[in-house]
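The values are calculated or read from the model by the stated rules, or taken from the named source; none is laboratory data. Since the structure is predicted, the reported quantities are computational estimates derived from the model, not experimental observations. Note: ideal-geometry Cβ built from the backbone for every residue, glycine included; neighbour counts use all protein chains shown. Accessible surface is based on the protein model in full, side chains and every heavy atom, while ligands, DNA and RNA are left aside. Shrake-Rupley method; radii C 1.70, N 1.55, O 1.52, S 1.80 Å.
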Amino acid sequence: MWVPMSAKSVTVAALFTGAVGVGGVLVRFWFGKGWWGCSSMVYLASCWQNRRGVGIGFGGWGLVIAGCRPWVGFVDGWEGHGGRPALITDRETVGYADLAGRVAAEMELVGFGRRLVLIELQNTVAAIVSYLAALRAGHVVLVASDGGAREALVAAYDPDVVVGPDAGGVWRVCERRVGTRHVLHPELAVLLSTSGSTGSPKLVRLSYRNLDANATSIARYLGIGGADRAMTSLPLSYCYGLSVLHSHLTRGAAVVVTGLSVVDPGFWSLARAAGATAFAGVPYTFDLLDRVGFADVELPSLRYVTAAGGKLGADRVRRFAELGRRRGWDLVVMYGATEATARMAYLPADRVVDAPEAVGVPIPGGRFSIDDEGELIYHGPNVMLGYASSAQDFALGRTVECLRTGDLARCRPDGLYEIVGRRSRFLKLFGLRVDLDQLEHRLRCEDGIAALCSGDDDTGLVVAVAAGTPDPGAVVCAKVGLPVTAVRTLVFDELPRTANGKPDYARVRRAAEPPLQILEASGSAETPGSAEPVAGGVGALYREILNVDRVSAADSFVSLGGDSLSFIAASRRLERQLGVLPKDWYLLSVAELEAGARGGPSGPIRWMETSIVLRAVAIVMVCAQHVGLVNVLGGAHVLLAVAGYSFARFQLNAIASSGRIRPLVGSIARIAVPSMAVIAIAYLVTRQYAIWNVLLIDDVFDSDVGPSGWSPHWDYWFVEVLVVSLVACAVLLSIPAVRRMERARPFGFVMALLGLCLVLRFHLLVGQAPMEPYRPQTTVWLFVLGWAAVRATRVSQRLLLTVAAVCAALLPGFFDDDQGRKLVIVGGLLLLIWVTHIPVLAAMRRLTALLAGASLWIYLTQFQTYRFVAWIRYLIEGPPPASASGPGSYGDSPSLLHYELPRAAATVLALVVGVLVWKAYEHTVAHLARLRTRWTRPAPTPAKRRTGFRTGTPSPVPRRTLLAGEAALPSEPPR
C-alpha cells in the first residue's frame, strides 16, 4: 500500500477504486470470463489513480483494485492442474502449486497498484515468475530482451518498476517511484517490440484478450494436453517464444526452461531427460539443426516441431516433414506476427508434404481476407490494440480493427493460403522484421547517413551508400538487431536514382545479385559493380583456420570440424577481432559470436583458458627436461589429460549432437598423419627408430628398452597413447547404443569409463611390464579424466573427480620412485577440474597461445633438434668425453652423441623450430586448400544467384541470445 496523500484523499480514493473493483468482480461472475461491462469504470479508476498518484490495491482471483482485469487462462487457470509440473529445468521441477506460491510472493514485491513494469524476460524460472506475477497483479508488462534493450526502454518509456538481473547477476525488483506517472488503458496488458526488434522504435500494444485468445487457439490446433512438455528453444522476449509459454500453461502442460542452444549437446540431454514433446524454431534454428545432424538425434518423446518466424523454403519444409514422419513426429508450419500476438495461420501436419509452400489456414477464431491489390488482411481477437511510439500512447484504446500484413497472397482451391510476394518494404531476417523505410529515415535523421536499403529474405539486408560515406554496417546492426553477417554494404559513386529522381532500388538489387566470392585467407571479398571490397569477419577467419570452402552464419567452430589443434589459433584471433569471448564460444554460431562481440580487455593481466596455459607450460617443461635444463617431470602426462579435455569440448560435442564420428576421424588424421611423416623422416635419417614407431604402434610390436630403461623407441610414446585413445573413442562411439548412453548420462558414462581405465592403471587385469607408465593401458586414464573434467558441471561431481584424480596419481603403481612427477600431474589435473581461466601477463599472452598452438609440432621435432645441435658440436669439437652427459639430461639416451648441450639455448631452439615447422605446415595446408577450391569450384549458375552476407567489423549491438533461433551461453568470470 502506498499513501502519498492526506488521509481524507486516501479514503476517497480507496472507496472509489474499491467500488470499481467490486463492480468488476460482479460483472465478471455475471458474464463469465467477460469484463467489458466495467471497462469504462476501470478506465476512470485508472485515470483517477494516475492523476492523483494513489496506488492502493490487493490481488487475487483476477481482482486488481486499480482496475479489474479479465480472466487469462495461462495466468488464472492453474487451480485444476494439481501436482502437474509447470516449469522444468536441469536442476528443479516447479509444479503448478509451487508456481502459484512463487507468483503470489513475487506479487507482493511488484505491488498491486496498476503500473508500468519492465521485465528483462530471460529464459529462466525467475524471469517467468516475475512476468506471471506482474500480469496476475494487473500491471502492464514492458518486455526487454537483454540489458542493452532494458536501458534503451527505460530511457524511452520511463517504467515505474524494473525487474531483471543486477550487475552481479542477482534477480531484483527495482521500484523507481511510488505509484505511476502513466495513464494506462484498462485493456493494455503487454508491450512487445515489433516482431522482436526492427528498424522502427514502435511497440506493439497487446490486450489481455489478445493474449488469452491466441494462447487458447494455439493450444487447440496443436492439440496441447497436460502431458506435453515444450523446450524453450527461442527467447521468451520474442513473441514466438512467449507464445510457447502461454499456450502450454493454458492447458496445464509443462515448459522445459533452458538458455542452451540446439548446437549444445546439453540441450538434447535435457530434452531427453525431461521427456520433451515439442520445440519451436525459426529458419535459423533449422540451419543449426542441419549442422548438428538433427536427423540422428534420439528424441523418443518428441511429438511435433513448429516452424515460424520467416520463410523456411518449400524444399526444407518437405525434407523436415518427411524426416518427422520417419522419426515419429510432425512438422507444423505457422505464419504470424507480433501484431497478431504471435500466430495467424498454421499448415496442418497432414498437408505439409503436399503443400510445403503454403502458410495454411487461419487459426481457430481468426479469418483472412484479400483486398483488391492482393494484400492479405487478418481479422481475429488476437489482433493488437495498436502501436505505441511514446508513453502517451499507453492511454489509447483500440486503434486498429484488422491487421494488414503487407504480404501479397492468394487463396488456393484447396482452401490453403499462400504468400506470393510483399506489398510493403519489409524484410524478415533471423525471425526479425525490418522496416526498410524506417531504417533509411533513422539513418538519415539520427546519424546523418544517406543510404538506400534493400534486399530480400534470402540474401539479407543490403545498404547502399555513396563513396566517402563511413561504413554504416555497425550502425545498421545496432539499430536493427541483426548480426553483421546479415548486412552487406555496397558503395557507389553516388546513390542510384531513376530518371525522375526517385531511389533506384532495382539497381541496388541488381548490383547485389552476383554470388559473394569465397573469401581467401586474406579475408576480403569483392562486391559487384562499383562496390568496394568489404573486410571478412568470423566466417573468413574460420575458412582460413579450418580450411573449409564455405561458412554460413549458422556454422559454429564445432560444426565446422574444429578441434584442439585449431582451437588455440581460433580463440586467439577471435579475441583480437571480437574482444572478450563467451565461455563456450566454440559452440556458438558465427552470427551469435558477431552479435555478442564486446570490447577487448585492458590492463597488465589477462585471463586465458586453463587448457591453453597448461599446454604451453607443459610443452616447455617437456623440452627443458629432455635436454636436462630442469628435472621436473610429468609435463607429457598433463598434456594427455589436456588432450582428453579438448576432445570432450570439441569432437565429443559434435558426436553427441549429430551421432556421426566423422569429425573425430578427421581430428585423428590431423594428428596421426603429420606425426607419422615426422617420425618417418627421423627413421630414414637417424636409423634410431623402427617401422612400428612410424606406424604409431611400437608399444604393440616392439618393447625395446635401453640400458637405463629408455630407448629412442620411446621418444614418441605420448603421440602413440594419444592416437590409441582417440581411435578407441571413435570405435566406442560408433556404436549407437553407446552414443545414446553418453548423451543421456554424460557424467555417469565417463565416470564408468574412468573406472574401467583405473582398473587397468592398477594392473588388476594386466601385469606390470617395463616402462609401464608410458604405455596406453596404464596412461589412458589421464585422457579420460580430462574428458570427465568437461562433463563435471556440479561441485559434487568435481569433488568426486578430484578424489579419483588424486588416488590415481598418488597411489602405488604409478611412478613410485618419483614423487615430484606425481605432484606435477595432480596439480595439472586439479587445475583442469576446478579452474577455467588462469591470469597471464598481457605481454606473455601471445607467446603462451603460440606455444600452446604449436605444442604437437614442438613435441615431434624436439628430439631431432637436439640431435642436430649435438651433430653440429661434433663437427666443430670432435668426439665428446665419456662423462659429458649429466644425469637426467637427454644425453643419457644412447641414441644421442654424448655432449653437454647448451641446455637453455637448446630448449629455446626446440621451441622455435617447432613453431616454425607448425607455421610452415599450416601455410602449406591452407595453400593446398585454396588450390583445391580453385580447381573444384563450379561455375556460378545464374538461376541460383544470391547475394552473400557482408562480413566485417563486429557490431556493438547488444547480444540477443536466442532471437535468431538459439541461446548463447553467457561468459563466466574465471573460477
Residue check for residue 815: under 17 Å from residue 647 (Cα atoms) and either outside any helix (DSSP H, G or I) or at pLDDT 85 or above (or both): no
Hey, residue 215 of a type in the set (Gly, Ala, Ser) and either under 30 Å from the mean Cα position of the chain (by Cα) or assigned to a helix (DSSP H, G or I) (or both) or not: yes
Residues located in segment 272-329, provided they are within 30 Å of residue 408 (Cβ to Cβ) and polar (S, T, N, Q): 285, 306
Long-range neighbours under 6 Å by Cβ, at least six apart or interchain, first residue open to solvent by less than 10 Å² (accessible area, probe 1.4 Å) within segment 718-742, second in a helix (DSSP H, G or I) and not aliphatic (A, V, I, L, M): 719/675; 721/776; 721/779; 725/783; 733/739; 742/749
Test result for residue 420, touching a residue at least 40 places away in the same chain (Cβ under 8 Å), crowded, with 22+ Cβ neighbours inside 10 Å and either among the aromatic types (Phe, Trp, Tyr) or assigned to a strand (DSSP E or B) (or both): no
Within segment 221-234, considering residues that are in contact with a Phe, Trp or Tyr (Cβ under 8 Å, 6 or more places away or on another chain) and open to solvent by 10 Å² or more (accessible area, probe 1.4 Å), the one farthest from residue 290 (Cα to Cα): 221
Members of segment 661-696 that are under 14 Å from residue 720 (Cβ atoms) and within 40 Å of the chain's Cα centre (by Cα): 668, 671, 672, 675, 676, 678, 695, 696
Among (1) part of a helix (DSSP H, G or I); (2) open to solvent by less than 40 Å² (accessible area, probe 1.4 Å), the one test that residue 838 misses: (1)
Among (1) surrounded by 16 or more Cβ atoms within 10 Å (Cβ to Cβ); (2) part of a loop (DSSP other than H, G, I, E, B); (3) under 30 Å from the mean Cα position of the chain (by Cα); (4) modelled with pLDDT under 95 - the single one residue 179 does not satisfy: (3)
Of all residues in segment 632-666 being polar (S, T, N, Q) and modelled with pLDDT under 85, the one that is nearest to residue 732 (Cα to Cα): 651
Residue that is modelled with the lowest pLDDT, among those in segment 833-888 that are of a type in the set (Val, Ile, Thr) and under 42 Å from the mean Cα position of the chain (by Cα): 836
Cβ-Cβ under 7 Å pairs, at least 6 apart or on other chains, segment 623-641 side closer than 22 Å to residue 786 by Cα, far side among the aromatic types (Phe, Trp, Tyr): 636/718; 639/718; 640/718; 640/783; 641/783
Considering residues of segment 121-135 that are open to solvent by less than 10 Å² (accessible area, probe 1.4 Å) and not aliphatic (A, V, I, L, M) only, the residue nearest to residue 206 (Cα to Cα): 131
Candidates 378, 387 - the one that is assigned to a strand (DSSP E or B), hydroxyl-bearing (Ser, Thr, Tyr), in contact (Cβ under 8 Å) with a residue 40 or more places away in the chain and over 25 Å from residue 286 (Cα atoms): 387
Of the criteria (1) more than 30 Å from residue 726 (Cβ to Cβ); (2) open to solvent by 10 Å² or more (accessible area, probe 1.4 Å); (3) modelled with pLDDT of 65 or more; (4) more than 20 Å from the chain's Cα centre (by Cα), which one residue 478 fails: (4)
Filter result (in a helix (DSSP H, G or I) and open to solvent by 10 Å² or more (accessible area, probe 1.4 Å)) within segment 322-370: 322, 323, 325, 326, 327, 349, 350, 351
Hits in segment 225-260 (condition: closer than 23 Å to residue 328 by Cα and small (Gly, Ala, Ser)): 225, 226, 227, 230, 233, 247, 253, 254
All positions within segment 682-693 that are over 16 Å from residue 719 (Cα atoms) and assigned to a helix (DSSP H, G or I): 684, 685, 686
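So that you can scan it fast, the table gives a plain yes or no per residue for (1) among the β-branched types (Val, Ile, Thr); (2) under 18 Å from residue 252 (Cβ atoms); (3) at pLDDT below 85; (4) open to solvent by less than 10 Å² (accessible area, probe 1.4 Å):
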site	(1), (2), (3), (4)
63	no, no, yes, no
66	no, no, yes, yes
72	yes, yes, no, yes
85	no, yes, no, no
93	yes, yes, no, no
100	no, yes, no, no
110	yes, no, yes, yes
Residues located in segment 227-274, provided they are farther than 24 Å from residue 344 by Cα and more than 22 Å from the chain's Cα centre (by Cα): 227
Residue that is under 15 Å from residue 141 (Cα atoms), crowded, with 18+ Cβ neighbours inside 10 Å and modelled with pLDDT under 90, where the choices are 193, 237, 207: 193
Test result for residue 249, open to solvent by less than 10 Å² (accessible area, probe 1.4 Å), under 23 Å from residue 359 (Cα atoms) and not in a loop (DSSP other than H, G, I, E, B): no
Output for segment 259-291, where each listed residue is crowded, with 23+ Cβ neighbours inside 10 Å and part of a loop (DSSP other than H, G, I, E, B): 260, 261, 262, 263, 264, 276, 277, 282
Long-range neighbours under 7 Å by Cβ, at least six apart or interchain, first residue under 13 Å from residue 439 (Cβ atoms) and among the charged types (D, E, K, R) within segment 476-490, second open to solvent by less than 10 Å² (accessible area, probe 1.4 Å) and modelled with pLDDT of 80 or more: 479/439
